[in-house]
Amino acid sequence: MQIKYTQLDQDQFTQRTLGPKSGYRIETESILLEPLLLSRDAPKLWDLVKDHSKLFEYFPHGPCSSYEDFYAIQKRYCSAPDHFNWAVYLLVGNQKQKILCGSICLLDISLPFRRFEVGAIWFHPAVHSTFVMLETTYALLRFSFEQLQAGRVQWKTHHQNIASQKSALKLGFDLDGIHKKHLIHYNGQWRNSYYYSMTDDDWFGDHVTTDGRPGLDVVKPAEEPDLRQESSGRQLRLEQLIQARKHEGKPLPESVQHGVALTALSS
């Protein structure tokens, strides 16, 4: 699966937490990850999610009751030293029209140890059970392993969030264990967190990577096609799963396929 990375100008994104790799737009066949610019994107994301508060049921902060609450949370994310946020767009039709559909983040960023977490993921309900979650996460995993030279990418979830636990396994993550009483949820109840992980050896295949790769700029853009062709790990398996979901799984709403914004659909 082809992927394109584009470094944006400094005034086009808010966060700088990925060092020289901050501000990368990530584009696949059907998905675009746009680095968050808080003033531009927060109103659009709220408009997308304001009628679907249940999406945040398992987030530590819980549902948002107003734009002010939502903006405060996004601002807190953007101020965190170990977060980086993207707005997620569908690319539809021959002209690749952009349709905002959700958000995804890298959390627990540790550049010295090349460790990251894919999380704070949500999508408009109309695209649930389609290929969107798979391809979006695939794009961020590609970016993490190819551009950030990640050794480990993790995924964690609430002990009651069965859908997220199933997604982790489907994406190719391994269950590491359960952190008991890991967090106190917004409703005052304890949360046990399921921790999953994937390593660079899992992603590429054992014969491709070695430990101790120096720096963050080992993989150059011109080398990406060759690197991808050598892959025999979970990257290839996930690509096959995405293609199967596109051809055999739940389709996007027909109106969305024709360019209608998700905010125009009935709740």
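The values are calculated or read from the model by the stated rules, or taken from the named source; none is laboratory data. What you see is a predicted model; the values in this text were computed from it and never measured. As a convention, Cβ positions derive from the backbone with ideal geometry for all residues, glycine included, and neighbour counts pool all protein chains shown.
Summary table
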| item | result |
| --- | --- |
| Odd one out for F116, checked against (1) surrounded by fewer than 17 Cβ atoms within 10 Å (Cβ to Cβ); (2) modelled with pLDDT of 95 or more | (1) |
| All positions within region 146-183 that are farther than 20 Å from D202 by Cβ and surrounded by fewer than 19 Cβ atoms within 10 Å (Cβ to Cβ) | H159, Q160, N161, I162, A163, I178, H179, K180, K181, H182, L183 |
| Residue ID - farthest from L236 (Cα to Cα), chosen from residues in region 168-188 that are out of contact with any Ser or Thr (no Cβ under 8 Å at 6 or more places or on another chain) and free of Cβ contacts under 8 Å to residues at least 40 places away in the same chain | G188 |
| Criterion (in a strand (DSSP E or B), at pLDDT 95 or above and crowded, with 18+ Cβ neighbours inside 10 Å) met by exactly one of L45, L33 | L33 |
| Count of residues meeting criterion [acidic (D, E), touching a residue at least 12 places away in the same chain (Cβ under 8 Å) and in a helix (DSSP H, G or I)] in region 62-86 | 0 |
| Within region 5-30, considering residues that are outside any loop (DSSP other than H, G, I, E, B) and farther than 19 Å from A150 by Cβ, the one nearest to the chain's Cα centre (by Cα) | E27 |
| Close pairs (6 angstrom Cβ cut-off, 6 or more residues apart or separate chains): within 15 Å of A80 (Cα to Cα) and of a type in the set (A, V, I, L, M) in region 7-34, modelled with pLDDT of 95 or more and buried (at least 18 other Cβ atoms within 10 Å of the Cβ) anywhere | L18/F84 |
| From L91, L141, L100, residue being under 27 Å from D202 (Cβ atoms) and either at pLDDT 95 or above or small (G, A, S) (or both) | L141 |
| Top-ranked residue of region 1-27 - restricted to ones that are of a type in the set (S, T, Y) and farther than 29 Å from C64 by Cβ, ranked as surrounded by the most Cβ atoms within 10 Å (Cβ to Cβ) | Y5 |
| Qualifying residue in region 234-248 (condition: touching an Asp or Glu at 6+ places or on another chain (Cβ under 7 Å) and either modelled with pLDDT of 90 or more or of a type outside the set (D, E) (or both)) | yes |
| Wholly within region 87-169, strands (runs of 3 or more DSSP E) carrying at least 1 residues that are of a type in the set (S, T, N, Q) | 97-110, 152-158 |
